[in-house]
Amino acid sequence: MKIAVTYNKGSINKHLGITEQFKIYETDCDKILNNDIVEMEDINPDELIKFLESIEADVMICGNVGAAIQSMFDDSGILLCSGIEGNADEMVSKFLDGELI
């Protein structure tokens, strides 16, 4: 499974619209196997969905998002976990443990 996280200095970026970095995690069941930071500047929601689909992301963990973006994620099939704050690595571990859904 691939999990994308809005990223800012180790934490989940609070606002998807101003995110310049994403941390992409490759996981297996309940373990993080690998992660990579991807730089993204001035990305609009359509481009974000296309990017996430191109890397075959299954999940997006982020801070706050608007209703229009939530709808775009519903249509994409990528699970959106929004309203999440804190350390990115810890939140991905919590997701894998079933604590964020």
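The values are calculated or read from the model by the stated rules, or taken from the named source; none is laboratory data. All values reported here derive from a predicted model rather than from experimental measurement. Neighbour counts are summed over all protein chains in view; Cβ atoms, including those assigned to glycine, are modelled from backbone coordinates with ideal geometry.
Here are the numbers for this structure:
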item: Inter-residue pairs, beta-carbon under 6 Å, first closer than 18 Å to Phe51 by Cα and in region 7-19, second at pLDDT 90 or above and among the hydrophobic types (A, V, I, L, M, F, W, C), 6+ apart; result: Tyr7/Phe22; Tyr7/Ala88; Leu16/Cys62
item: Residues of region 55-88 satisfying the condition of being free of Cβ contacts under 8 Å to residues at least 60 places away in the same chain and of a type in the set (D, E, K, R); result: Glu56, Asp58, Asp74, Asp75
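Listed here are the residues, each with its yes/no results for (1) under 14 Å from Ile3 (Cα atoms); (2) modelled with pLDDT under 90; (3) not charged (D, E, K, R).
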| site | (1), (2), (3) |
| --- | --- |
| Glu47 | no, yes, no |
| Glu53 | yes, no, no |
| Cys62 | yes, no, yes |
| Gln70 | no, yes, yes |
| Ser76 | no, no, yes |
| Leu80 | yes, no, yes |
